[in-house]
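The values are calculated or read from the model by the stated rules, or taken from the named source; none is laboratory data. Predicted, not measured: the structure shown is a model, and the values here were computed from it. A quick note on method: Cβ atoms are made from the backbone with ideal geometry, for glycine too, and the neighbour counts reach across all protein chains shown. Heads up: the accessible areas ignore ligands, DNA and RNA and are worked out on the full protein's heavy atoms, side chains in. Shrake-Rupley method; radii C 1.70, N 1.55, O 1.52, S 1.80 Å.
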Amino acid sequence: MTHRSRVKAVAGGGVLLAAFLTVLLLPGFVSDFRASELAYVAIYAIAILGLSIVTGFSGQISLGHGAFMAIGGYTTAILVADHGVTDLWTIPVAGVVSGVAGLLLGVPALRLTGLHLALATFAIAVAFPSVLKKAEGVTGGSQGINLFGVEGLTGAIAGVDVFGRHLTFNEWLYYLSWSIFAVLGVSAWLLLRGRTGRALRAVRDSHVAATSVGINPAAYKTAAFGLSAFYAGVAGSLFAIATSFVNPATFPVALSLTLLVGAVVGGLGSLWGVIAGAVFVQFLPIWIGKLPEIEALPASVREIANEPGIPSVAYGAAVILVLLLLPGGAAGVVRKLRTGL
Amino acid sequence: MADFLQQVVSGLATGGIYASLALAIVLIHRATRVVNFAQGEMAMVTTYVAWTLIDHGVSYWLSFVLTLALAFVGGVLVHQAVMRPFQDAPVVTAVMVTIGLFILLNGLAAWIWSSEVKAFPSAFSTRPIDVGGVVFSLQDLGVIAVSLGVVAGLFALFRFTKAGLALRAAAFNPATSRLAGVPVGRMLAAGWGLAAVLGAVSGMMVAPSVFLDPNMMRPVLLYALAAAVLGGLDSPLGALVAGLLLGVLLNLLGAYVDFVGTDLRLPVALAIILAVLLVRPAGLFGSVAARRV
């Protein structure tokens, strides 16, 4: 190991440790409600990570990851509410069910170019809520499935004791989501930093070149789609646990698009970027809602901030501006700052 | 039989609406290789503009014409301000930009006009007319006439005018057209304007039956995408025929197949999109393009 790479490794370890300690200790300093908001950040981060794998690394665009979240969320809801399974055990199951759905879609998706896949996945996002509504026998139709007060839902009423410490439901949710994000994030990093990541990027940049060095583009693209759907399914499962309720409106088209907003703003293809993207999509509406309280702002701005639709305007403008000015997203900015120093 | 014919005619009316929006999508795809996912939201915003004009006492048809003019200007502006910088970007990036535009316009409409559902007047009376035992609604016939009229006008523009030739040339081969003196950039902008006009027609025609709200065009967009894909994404004639076919098909399925009813129309459109893309990506009327390696 050269001196330079050793410094880099130590610095990387330090950042990781700092991040770990921050996540571990944060709930002690924020309100219970804020803890639940931060749990949603981790849930979004997991889904955006999945999207980032498929769009950023293998170059396939998915506008339908909300539908995979729906598959995961409904898997958990059905298992917990109708079959009495404890929610924790349903999380991997939800990931696998959604991952298999992703593989099934990934095979035909091979035949589709980027644009066609965007069309197909967008259609899935728009049509999936109707499918959920129609499959009433399994999904409860428009009524949905209620998880609150069901025995399998851990800690919803009285909280949970973990390692001798009492956690409220929101704190439990926070630690659960961030632990799962950490495991999935590290797995993705281990998987993508070496051979596999290089192969996926090669497939993204040139099919022919990748094939000529012995990479099987079909296998890699399908696997990437399946893996990405697995991540979305896990996120959907946690989402269902967090909201303690699912119905077709829980997973609207807007959710799929929001995930794309997060992936673009965070920086496609960057693992750290997904956290920035998730913070952005979770907190932007909340921050905008706070603007009227800032007295230094002109009255007109404070008035507008409370109007309906403004968060969407900001999301949409953010996507366009990021693609225009900072194509690497938040991660790209950090990278530029680091190489500039 | 009479009932069947009635269903076909009302299917043609909704089909005409889908065809207008599908044509808008095809127009832009032909010129720029990008599918504009924001086409439906652009149509929704222009429909709100029409609603505002009518609300201020402007007569329906004057509002209609003014809205088409404003839609053209709006389409050109969107191209110049948002899409032009991405002319040479990968298609996937440009698609993400249209998604950004989709979210932005949806929020804009909710901000300006609120998400409250509004009634939108129809130009035609809903009075039924009886033709040899078959009862048609005047509304359906009017919608068919307007959609087909706009499509015919557009066809004439492309086919018989010098501007139309330049538009086609710019879309077909930008580099050569530029050498031949065609202002390609301006033609692309005009293409976005014309697409917005088509979208405005579809929005104003569909609004009386689905009511005006910021999300009203989502299903219509999906049907239009299905029609565009079925027609081959590059073929205006294909989009028109597929749009009309899809309108009739969905209406008949809804009326005669209990399982589909009105709930499963969107999944049917999804199934059509998937099936066409997988089995015959060039659609019914498109040409198979050789891929550049």
Self-check item: Residue list for the stretch A:48-90, restricted to those being open to solvent by less than 10 Å² (accessible area, probe 1.4 Å), aliphatic (A, V, I, L, M) and closer than 16 Å to A:Ser179 by Cβ
Solution: A:Leu49
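Residue by residue, here is whether (1) within 20 Å of B:Leu70 (Cβ to Cβ); (2) touching a residue at least 60 places away in the same chain (Cβ under 8 Å); (3) touching a Leu at 6+ places or on another chain (Cβ under 6 Å) holds:
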site	(1), (2), (3)
B:Val143	no, yes, no
B:Val150	yes, yes, no
B:Leu165	no, no, no
B:Val182	no, no, no
B:Arg186	yes, no, no
B:Ala190	yes, yes, no
B:Ala195	yes, yes, yes
B:Val201	yes, yes, no
B:Pro208	yes, yes, no
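Out of B:Thr98, B:Thr67, B:Thr93, which single residue is within 14 Å of chain A (Cβ to nearest Cβ), over 25 Å from A:Ile304 (Cα atoms) and among the hydroxyl-bearing types (Ser, Thr, Tyr)?
Numbers: B:Thr98 fails: over 25 Å from A:Ile304 (Cα atoms); B:Thr67 fails: within 14 Å of chain A (Cβ to nearest Cβ).
Residue meeting the stated conditions: B:Thr93.
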Practice problem: Could you please find all residues in the stretch B:214-239 being within 12 Å of chain A (Cβ to nearest Cβ), aliphatic (A, V, I, L, M) and in a loop (DSSP other than H, G, I, E, B)? | Solution: B:Leu233
Quiz item: Residue check: is A:Ala45 among the small types (Gly, Ala, Ser), farther than 18 Å from A:Leu200 by Cα and under 12 Å from the mean Cα position of the chain (by Cα)?
Solution: yes
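Could you list, in sequence order, all residues of the stretch B:32-56 that are within 14 Å of chain A (Cβ to nearest Cβ) and over 22 Å from A:Leu257 (Cα atoms)?
Going through the stretch B:32-56, the residues within 14 Å of chain A (Cβ to nearest Cβ) turn out to be B:32-42, B:44-45, B:48.
Matches in the stretch B:32-56: B:Thr32, B:Tyr48.
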Practice problem: Considering only the stretch B:79-90, state which residues are facing chain A (nearest Cβ under 7 Å) and of a type in the set (A, V, I, L, M). | Solution: B:Val82
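What number of residues in the stretch B:240-282 are assigned to a helix (DSSP H, G or I), of a type outside the set (A, V, I, L, M, F, W, C) and touching a helix residue (DSSP H, G or I) at 6+ places or on another chain (Cβ under 6 Å)? Write out each step before concluding.
The initial filter retains those residues of the stretch B:240-282 that are assigned to a helix (DSSP H, G or I), namely B:240-256, B:265-279.
Add one more test, that the residue is of a type outside the set (A, V, I, L, M, F, W, C), and what stays is B:243, B:247, B:251, B:254, B:256, B:265, B:267.
From what is left, the residues that are touching a helix residue (DSSP H, G or I) at 6+ places or on another chain (Cβ under 6 Å) are B:243, B:247, B:251, B:265, B:267.
Looking only at that region, the number is 5.
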Quiz item: When A:Gly73 is evaluated against the numbered criteria (1) without any contact (Cβ under 8 Å) to a residue 24 or more places away in the chain; (2) in contact with a strand residue (DSSP E or B) (Cβ under 7 Å, 6 or more places away or on another chain), which criterion, by number, is the only one it fails?
Solution: (1)
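Output the residues belonging to the stretch A:310-341 that are among the hydroxyl-bearing types (Ser, Thr, Tyr) and either open to solvent by 70 Å² or more (accessible area, probe 1.4 Å) or away from every other protein chain (no Cβ under 14 Å) (or both).
Going residue by residue through the stretch A:310-341, those that are among the hydroxyl-bearing types (Ser, Thr, Tyr) are A:312, A:315, A:339.
Matches in the stretch A:310-341: A:Thr339 only.
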Quiz prompt | Positions within the stretch B:103-126 being part of a loop (DSSP other than H, G, I, E, B) and either within 7 Å of chain A (Cβ to nearest Cβ) or farther than 28 Å from B:Ser59 by Cβ (or both), in sequence order | solution = B:Ser114, B:Ser115
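Yes or no, residue by residue, for (1) within 13 Å of another protein chain (Cβ to nearest Cβ); (2) of a type in the set (Gly, Ala, Ser); (3) within 18 Å of the chain's Cα centre (by Cα); (4) within 17 Å of A:Ser228 (Cα to Cα):
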site	(1), (2), (3), (4)
A:His83	no, no, no, no
A:Gly95	no, yes, yes, yes
A:Thr113	yes, no, no, no
A:Leu119	yes, no, no, no
A:Phe122	yes, no, yes, yes
A:Ser130	yes, yes, no, no
Quiz item: Taking A:Gly50 and the conditions (1) out of contact with any Gly (no Cβ under 8 Å at 6 or more places or on another chain); (2) over 22 Å from A:Tyr220 (Cα atoms), which numbered condition does it fall short on, given that it satisfies the others?
Solution: (2)
Self-check item: Among (1) surrounded by fewer than 20 Cβ atoms within 10 Å (Cβ to Cβ); (2) under 16 Å from B:His29 (Cβ atoms) - the single one B:Gly232 does not satisfy
Solution: (1)
Quiz prompt | Meets criteria (more than 8 Å from chain B (Cβ to nearest Cβ), in contact with a Ser or Thr (Cβ under 8 Å, 6 or more places away or on another chain) and crowded, with 18+ Cβ neighbours inside 10 Å) for A:Ala305 | solution = no
Quiz prompt | Failed item in (1) exposed (fewer than 15 other Cβ atoms within 10 Å of the Cβ); (2) over 23 Å from B:Met44 (Cβ atoms), with B:Val184 passing the rest | solution = (1)
